[in-house]
There are 2 protein chains.
Amino acid sequence: MIKVGLVGYGTIGKRVADAVTLQKDMKLIGITGHSYDYKIEVAKMKGFKIFTTGDPEEFTKNGIKPEGSVEDLIDEVDVIVDATPKKIGRENKEKYYMPKKVKAIFEGGEKHETVDASFVAQCNYDESLNKNYVRVVSCNTTGLCRTLNAVNESFGIESVHATMVRRAADPWDIRHGPINSIVPVLELPSHHGPDVQTVLHDVNIFTTAMSVPTTLMHMHSLIVDLKKETTAEEVLDLFKKTTRVRVVRNAEMVRSTAEIMELAKDMGRLRGDMPEICVWEEGIGVKNKKLFYLQAIHQESDVVLENIDAIRAITGFKDGQKSIEMTNKSMGINGF
Amino acid sequence: MIKVGLVGYGTIGKRVADAVTLQKDMKLIGITGHSYDYKIEVAKMKGFKIFTTGDPEEFTKNGIKPEGSVEDLIDEVDVIVDATPKKIGRENKEKYYMPKKVKAIFEGGEKHETVDASFVAQCNYDESLNKNYVRVVSCNTTGLCRTLNAVNESFGIESVHATMVRRAADPWDIRHGPINSIVPVLELPSHHGPDVQTVLHDVNIFTTAMSVPTTLMHMHSLIVDLKKETTAEEVLDLFKKTTRVRVVRNAEMVRSTAEIMELAKDMGRLRGDMPEICVWEEGIGVKNKKLFYLQAIHQESDVVLENIDAIRAITGFKDGQKSIEMTNKSMGINGF
């Protein structure tokens, strides 16, 4: 049993905690909370042990007795998943994980330079095997890597030009925007392109990005110059058999990110999550070795699968394909 | 076993279908679909029998063989829940349910005049006992009735002035708005006031309404002139013990409809639903026999509970309180 501790119990952390409890080879030792809120109440309801990175008084006055500090949690685990906000992970590494010699997994808010390897399970599982510090890349980078890796292996990629149309804020987030404008990212390339190359080292990719007023999912528009000739039908078949990619169909009235989220709810997915990258069947086109496709990314959940596989990789489970199958099965993901 | 058929498989219909399958005293005989879409694919995945109100060809060409027509479904059931769009229910009553002599439950889009009784379980269960046609009132009316009934029984209501701030469209709905304005309802009173009186016959209520650009929940601002003196603490205690009402707290960082929805997701509720009417603890105030409170209504799910209880009432189950407890327990609703 791999003993796992969660540091940071937000959008990703709470999902990884639930996912760990579904794995037969893992045990969730506990989570940490920084301040008291409804998420902590739900963690208590689920019977999770709660440690704290903040003031214990804040918890006790609300009827929750913390089991100890983040250092107490570290003492009981084989691996920490650090899902704290951007840059806190790196601070935690230096302050806690290195001195305590505990392995740790970080999220996409941290830099590649902070870790030994960046990770997308179906692309480069082996690079993280037995490493000390691994970074699960961001939701957008994960989405790009999953589909581009499949395209690269089948048809060869000359170059990629992609536009990320990003959701403005997460569904629970009442502070961020925009709520009524489109905001371009004015750095070229956007960070997504270089970030893809931390996983797919030889893929020539250039990305631009913008934010739009929605909370549900991101959307990517991809233009890929291929080395080999192909057809839209062949690419469709490829995506249908690629793990953690779901082909959705306008013909089934899945015409929008809203309807993808509704589908996930109807399927009974916990929290209505859709961890698969969703590619529209009717949005795949090929013209003179140029491939076009549109994909939607559920920013809250796609990387949850990678976190579980990264736990196995970092603790020495050698078979990446087997890990992907175990994770998929536990989470009800089709097509592995 | 009460044999139930669902006609109309949209926002409410699909939820009622799932809820029926959770009741020990009910059996879902089948659902009807009008046209092929992802909801029908999920119904098939769940093993529901699919009947059709539309062209069977539309289903068969997509690999789904309908079990028959809506009339075939009616022949197999004790009661129909009709969750079709506004006005279709009344047409169905005349075209199918009356000639076939089947009992039917309608939703809030239909008029009170179409049925024998309008229904909110904790307010007037007995009025629907053994009736032929019953209407579960709209999500907003249900929300008003649940809290106002409790206030009326405890403190007596002189009059109510309430403002409904309504969500613009459901989360899956990509066609309706507004997405960037506030739209007042320019009829006084809005239909909600008179609609409340179809359930709480003696409550003097006047309502106004508007639509705002959000999909998650409605919000009501209520001003109630009471007959008896009380305090905010007493009202809080009343709402805490009122079934299907949930007190939420700013102190737990539940500051918005967005965070209520996130809480429901975290709790593991199917589709992230919150069928309880949510009243903010910090939003309850009393001044000189005037009571103020703010409540949020999950328009997609609150009436699902009433539909289940209405099925029992219409088929002769006498104990309304017991029905509420059975429904609550099956759906994981606290506080019954």
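The values are calculated or read from the model by the stated rules, or taken from the named source; none is laboratory data. Note that the structure is predicted; figures quoted are calculated from it, not measured. Note: ideal-geometry Cβ built from the backbone for every residue, glycine included; neighbour counts use all protein chains shown.
Would you mind stating whether B:E187 is surrounded by fewer than 17 Cβ atoms within 10 Å (Cβ to Cβ), more than 14 Å from every other protein chain (Cβ to nearest Cβ) and outside any helix (DSSP H, G or I)?
Working: surrounded by fewer than 17 Cβ atoms within 10 Å (Cβ to Cβ): yes; more than 14 Å from every other protein chain (Cβ to nearest Cβ): yes; outside any helix (DSSP H, G or I): yes.
Taking the combined requirement at face value, the residue satisfies it.
With the structure loaded, tell me whether A:D116 is within 14 Å of chain B (Cβ to nearest Cβ), modelled with pLDDT of 95 or more and in contact with a helix residue (DSSP H, G or I) (Cβ under 9 Å, 6 or more places away or on another chain) or whether it fails that test. Show your work before the answer.
Values: within 14 Å of chain B (Cβ to nearest Cβ): no; modelled with pLDDT of 95 or more: yes; in contact with a helix residue (DSSP H, G or I) (Cβ under 9 Å, 6 or more places away or on another chain): yes.
The answer is no for A:D116.
Considering each residue of the range A:72-99, count those that are over 19 Å from A:K39 (Cα atoms) and surrounded by 14 or more Cβ atoms within 10 Å (Cβ to Cβ), and give that number. It would help to see each step written out before you state the result.
Within the range A:72-99, the first condition is being over 19 Å from A:K39 (Cα atoms), and the residues that meet it are A:72, A:74-80, A:86-99.
Imposing the further condition that a residue be surrounded by 14 or more Cβ atoms within 10 Å (Cβ to Cβ) reduces the set to A:72, A:74, A:76-80, A:88-90, A:92-93, A:96-97.
So the answer is 14.
Can we say B:A313 is small (G, A, S), in a helix (DSSP H, G or I) and surrounded by 22 or more Cβ atoms within 10 Å (Cβ to Cβ)? Please lay out each step first, then the result.
Values: small (G, A, S): yes; in a helix (DSSP H, G or I): yes; surrounded by 22 or more Cβ atoms within 10 Å (Cβ to Cβ): yes.
The answer is yes for B:A313.
Residues checked against (1) more than 24 Å from A:I80 (Cα to Cα); (2) modelled with pLDDT of 95 or more; (3) touching an Asp or Glu at 6+ places or on another chain (Cβ under 7 Å):
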| residue | (1), (2), (3) |
| --- | --- |
| A:L270 | no, yes, yes |
| A:P275 | no, yes, yes |
| A:F292 | yes, yes, no |
| A:I297 | yes, yes, no |
| A:E306 | no, yes, no |
| A:I311 | no, yes, no |
| A:F336 | yes, no, yes |
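Going through A:V224, A:V254 one at a time, which residue ends up being free of Cβ contacts under 8 Å to residues at least 40 places away in the same chain and either touching a helix residue (DSSP H, G or I) at 6+ places or on another chain (Cβ under 7 Å) or more than 16 Å from A:L148 (Cβ to Cβ) (or both)?
Values: A:V224 fails: free of Cβ contacts under 8 Å to residues at least 40 places away in the same chain.
So the residue among A:V224, A:V254 that is free of Cβ contacts under 8 Å to residues at least 40 places away in the same chain and either touching a helix residue (DSSP H, G or I) at 6+ places or on another chain (Cβ under 7 Å) or more than 16 Å from A:L148 (Cβ to Cβ) (or both) is A:V254.
Which one is farthest from the other protein chains (Cβ to nearest Cβ) among residues in the range B:236-248 that are in contact (Cβ under 8 Å) with a residue 40 or more places away in the chain and not in a strand (DSSP E or B)?
Ranking the candidates gives B:L238 first.
For the range B:19-30, name all the residues that are surrounded by fewer than 20 Cβ atoms within 10 Å (Cβ to Cβ) and either away from chain A (no Cβ under 14 Å) or under 18 Å from B:V136 (Cα atoms) (or both). Break it down into steps so the answer makes sense when it comes.
Looking only at the range B:19-30, we keep the residues that are surrounded by fewer than 20 Cβ atoms within 10 Å (Cβ to Cβ), and these are B:21-22, B:24-25, B:27.
Result: B:K24, B:D25, B:K27.
Between residues in the range B:151-174 that are assigned by TED's automatic domain parsing to the domain that holds B:V185 and within 19 Å of B:S190 (Cβ to Cβ) and residues that are of a type in the set (D, E, K, R) and surrounded by fewer than 16 Cβ atoms within 10 Å (Cβ to Cβ), which pairs lie under 9 Å by C-beta distance while being six or more apart or on different chains?
B:I157/B:D202; B:I157/B:D225; B:I157/B:K227; B:S159/B:D225; B:V160/B:D225; B:H161/B:D225; B:A169/B:R175
Yes or no, residue by residue, for (1) in contact with a helix residue (DSSP H, G or I) (Cβ under 9 Å, 6 or more places away or on another chain); (2) surrounded by fewer than 17 Cβ atoms within 10 Å (Cβ to Cβ); (3) modelled with pLDDT of 95 or more; (4) among the small types (G, A, S):
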{"site": "A:S159", "(1), (2), (3), (4)": "no, yes, yes, yes"}
{"site": "A:M164", "(1), (2), (3), (4)": "yes, no, yes, no"}
{"site": "A:A168", "(1), (2), (3), (4)": "no, no, yes, yes"}
{"site": "A:H176", "(1), (2), (3), (4)": "no, yes, yes, no"}
{"site": "A:D195", "(1), (2), (3), (4)": "yes, no, yes, no"}
{"site": "A:T198", "(1), (2), (3), (4)": "yes, no, yes, no"}
{"site": "A:I205", "(1), (2), (3), (4)": "yes, no, yes, no"}
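Name the single residue that is surrounded by the most Cβ atoms within 10 Å (Cβ to Cβ) among those in the range A:42-59 being modelled with pLDDT under 95 and more than 13 Å from chain B (Cβ to nearest Cβ).
A:T52
Which of (1) surrounded by fewer than 18 Cβ atoms within 10 Å (Cβ to Cβ); (2) within 11 Å of another protein chain (Cβ to nearest Cβ) does A:T215 not meet, given it meets every other one?
Going through (1) surrounded by fewer than 18 Cβ atoms within 10 Å (Cβ to Cβ); (2) within 11 Å of another protein chain (Cβ to nearest Cβ) one by one, A:T215 breaks only (1).
Does the range B:199-219 contain any residue that is in a helix (DSSP H, G or I), small (G, A, S) and touching a residue at least 12 places away in the same chain (Cβ under 8 Å)? Explain how you work it out, then say what you get.
Step one: filter the range B:199-219 for residues in a helix (DSSP H, G or I), giving none.
Looking for residues that are in a helix (DSSP H, G or I), small (G, A, S) and touching a residue at least 12 places away in the same chain (Cβ under 8 Å), one finds none in the range B:199-219, hence no.
Name the residues in the range A:31-41 that are crowded, with 23+ Cβ neighbours inside 10 Å and assigned to a helix (DSSP H, G or I), would you?
Answer for the range A:31-41, where residues must be crowded, with 23+ Cβ neighbours inside 10 Å and assigned to a helix (DSSP H, G or I): A:K39, A:I40.
Just one of B:A264, B:A296, B:A258, B:A251 is surrounded by fewer than 16 Cβ atoms within 10 Å (Cβ to Cβ) and within 14 Å of chain A (Cβ to nearest Cβ); which is it? Reasoning before the result, please.
On the way: B:A264 fails: surrounded by fewer than 16 Cβ atoms within 10 Å (Cβ to Cβ); B:A296 fails: surrounded by fewer than 16 Cβ atoms within 10 Å (Cβ to Cβ); B:A258 fails: surrounded by fewer than 16 Cβ atoms within 10 Å (Cβ to Cβ).
Answer to the selection: B:A251.
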